[in-house]
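Report on the following structure.
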Amino acid sequence: MDLQDSGSAFDIAIDKVGIVELEKKVEIVQENKKYSFYPKISALIDLPAQQRGIHMSRTSETIEEVINEVIYKPTSTIELVSDRIVRKLLEKHPYTSKAEVKLEGRIIVQVRENNTRNIQKSYDISSHVKAYRRSSKEIEYFYFIGASAVGMTVCPCAKEMSKEYAIEIIKTRKDINISEDDLKKLINILPFSSHNQRSIGTIIVQIKDISNHKIDVLDIIDVIEESMSGKIQSVLKRPEEAELVRSAHLKPLFSEDVIREMAKNFILRDFPNIEDSFKVKFKILSHESIHPHNVFAELTTTIGDLKEKLKMKN
């Protein structure tokens, strides 16, 4: 008898036990694109009260088997990798009632910037699956797909104060004679400064059926980037830099604004077969440029609730 199968010193069940942060490389191949994924993999199961330990080698073998399968037969989505691992975990650990697998890491993709050059960019993405073996022996699966992207945000408060300061200065100058109407026109034309943040947006969405509820992580990344004041770029020539700064200052956003923008743009993207009951989480972390602290905001809701709120707004 394996030592793991022997009785425990105390009959206390353990919620999660397994391996974490196993680093691997996975190739994702789709019809018109291919990218490399470098995840840290966690694979965890629960342990009955009477059993001393899990068969840890079975867990690591499971991951190796699936990754080797992917090497020889590339997968089209990261959630398929998570799904294969969790199903093998349940198969090799028949005593467990729940299992979860998480893949978190970076993808390297080719993108086109400014319609002029191809560059490589990296993004953080994740795939998380939880499985529950019910008393009826049926297994229920819950899948979560996430992605993060970096953007530029511009503080609306500081921009407004810059405007007010400019108006005050012009009005107090004795050598400038300008009507109220012309002053308003001038203020609306001129760019005004603000302080900026490099902000990390994250969206995590639940799906149920990985065959039908397909969400491309690159589409999630697009939603995040378009919800910021500006889309940061790896290489900027002087005219491009000036244009980015100008356009970003035309769309000043608080962190709270970005959360709402991501929520709106996610629903407008109209991902196929996403059910109203599915949960979705939006997060932003803004690295402040004039403060010693950072700013964080988060919203967890359902697809149905968001649709209702957007309907009410319109």
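Restricting attention to the range 167-175, does a residue exist that is of a type outside the set (Lys, Arg), outside any helix (DSSP H, G or I) and free of Cβ contacts under 8 Å to residues at least 12 places away in the same chain? Walk me through how you get there before you give the answer.
Restricting attention to the range 167-175, the residues satisfying the condition of being of a type outside the set (Lys, Arg) are 167-170, 172, 175.
With outside any helix (DSSP H, G or I) added as a condition, the list becomes 175.
Going one step further and asking which of them are free of Cβ contacts under 8 Å to residues at least 12 places away in the same chain, we end up with 175.
The answer is yes, given that some residue of the range 167-175 is of a type outside the set (Lys, Arg), outside any helix (DSSP H, G or I) and free of Cβ contacts under 8 Å to residues at least 12 places away in the same chain.
Looking at (1) in a strand (DSSP E or B); (2) under 29 Å from Asp257 (Cβ atoms), which one does Met161 not meet, given that it meets all the others?
(1)
Could you tell me which numbered condition Glu140 fails, if it satisfies all but one of (1) surrounded by 15 or more Cβ atoms within 10 Å (Cβ to Cβ); (2) at pLDDT below 95; (3) closer than 30 Å to Lys102 by Cα?
It fails just one condition, (1).
Of the residues Asp222, Asp276, Asp257, which single one is at pLDDT 85 or above, among the acidic types (Asp, Glu), under 20 Å from the mean Cα position of the chain (by Cα) and under 21 Å from Lys208 (Cα atoms)?
Numbers: Asp222 fails: under 21 Å from Lys208 (Cα atoms); Asp257 fails: under 21 Å from Lys208 (Cα atoms).
One residue alone meets the criteria, Asp276.
Considering only residues that are touching a helix residue (DSSP H, G or I) at 6+ places or on another chain (Cβ under 7 Å), surrounded by 15 or more Cβ atoms within 10 Å (Cβ to Cβ) and farther than 17 Å from Val217 by Cβ, which ones fall in the range 25-54?
Of everything in the range 25-54, those that are touching a helix residue (DSSP H, G or I) at 6+ places or on another chain (Cβ under 7 Å), surrounded by 15 or more Cβ atoms within 10 Å (Cβ to Cβ) and farther than 17 Å from Val217 by Cβ turn out to be Ala43, Ile45, Gln51, Ile54.
Looking only at the range 176-205, filter to residues that are assigned to a strand (DSSP E or B) and hydroxyl-bearing (Ser, Thr, Tyr); which one of those is farthest from the chain's Cα centre (by Cα)? Break it down into steps so the answer makes sense when it comes.
Taking the range 176-205 first, the residues assigned to a strand (DSSP E or B) are 196-205.
With hydroxyl-bearing (Ser, Thr, Tyr) added as a condition, the list becomes 199, 202.
Values: Ser199: 12, Thr202: 3 Å.
Going through the qualifying residues, I end up with Ser199.
Here is a yes/no grid of residues against (1) within 13 Å of the chain's Cα centre (by Cα); (2) surrounded by fewer than 17 Cβ atoms within 10 Å (Cβ to Cβ); (3) at pLDDT 90 or above:
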{"residue": "Pro239", "(1), (2), (3)": "no, yes, no"}
{"residue": "His249", "(1), (2), (3)": "no, no, no"}
{"residue": "Asn265", "(1), (2), (3)": "no, yes, yes"}
{"residue": "Ile284", "(1), (2), (3)": "yes, no, yes"}
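Need a quick list: strands (runs of 3 or more DSSP E) entirely within the range 1-111 having at least 3 residues that are not β-branched (Val, Ile, Thr).
Details: elements: 14-23, 26-29, 34-47.
Output list reads 14-23, 34-47.
Out of all the residues in the range 143-156, is one or more in a helix (DSSP H, G or I), surrounded by 12 or more Cβ atoms within 10 Å (Cβ to Cβ) and at pLDDT below 90? Give the steps one after another, and end with the answer.
From the range 143-156, those in a helix (DSSP H, G or I) are 156; that's our starting set.
Next, from what is left, pick out any that are surrounded by 12 or more Cβ atoms within 10 Å (Cβ to Cβ): 156.
Those still in the list that are at pLDDT below 90 too: none.
Checked against the condition, which is being in a helix (DSSP H, G or I), surrounded by 12 or more Cβ atoms within 10 Å (Cβ to Cβ) and at pLDDT below 90, the range 143-156 yields no hits at all.
Name the pairs whose Cβ atoms lie under 8 Å apart, with the first residue in the range 238-255 and under 17 Å from Cys157 (Cα atoms), the second in a helix (DSSP H, G or I) and of a type in the set (Lys, Arg), and 6 or more positions between them or separate chains?
Short answer, once both residue conditions are applied: His249/Lys159; Pro252/Lys159.
So which of Asp305, Asp276 is in the same structural domain as Ser148 (by TED's automatic domain parsing) and either surrounded by 13 or more Cβ atoms within 10 Å (Cβ to Cβ) or in a strand (DSSP E or B) (or both)? Give the derivation first.
On the way: Asp276 fails: either surrounded by 13 or more Cβ atoms within 10 Å (Cβ to Cβ) or in a strand (DSSP E or B) (or both).
None of the other options fit; the residue is Asp305.
With the requirement that a residue be of a type in the set (A, V, I, L, M) and assigned to a loop (DSSP other than H, G, I, E, B), what does the range 279-302 give you? Talk me through it step by step, then tell me what you get.
First pass over the range 279-302, keeping only residues of a type in the set (A, V, I, L, M): 280, 284-285, 290, 295, 297, 299.
Within the range 279-302, just Ile290 meets the criteria.
Taking the range 214-237 as the search range and keeping residues that are acidic (Asp, Glu) and assigned to a helix (DSSP H, G or I), which one is surrounded by the most Cβ atoms within 10 Å (Cβ to Cβ)? Outline the logic, then answer.
Narrowing the range 214-237 to residues acidic (Asp, Glu): 216, 219, 222, 225-226.
Still in the running and assigned to a helix (DSSP H, G or I): 219, 222, 225-226.
On the way: Asp219: 14, Asp222: 16, Glu225: 19, Glu226: 15.
Ranking the candidates gives Glu225 first.
Kindly indicate whether any position in the range 22-42 is within 20 Å of Glu140 (Cα to Cα) and assigned by TED's automatic domain parsing to the domain that holds Ser136.
Yes, there is a match, as at least one residue in the range 22-42 is within 20 Å of Glu140 (Cα to Cα) and assigned by TED's automatic domain parsing to the domain that holds Ser136.
The values are calculated or read from the model by the stated rules, or taken from the named source; none is laboratory data. Since the model is a prediction, treat every value here as computed from it, not as a measurement. FYI the Cβ positions are ideal-geometry reconstructions off the backbone, even for glycines, and counts take in every protein chain you see.
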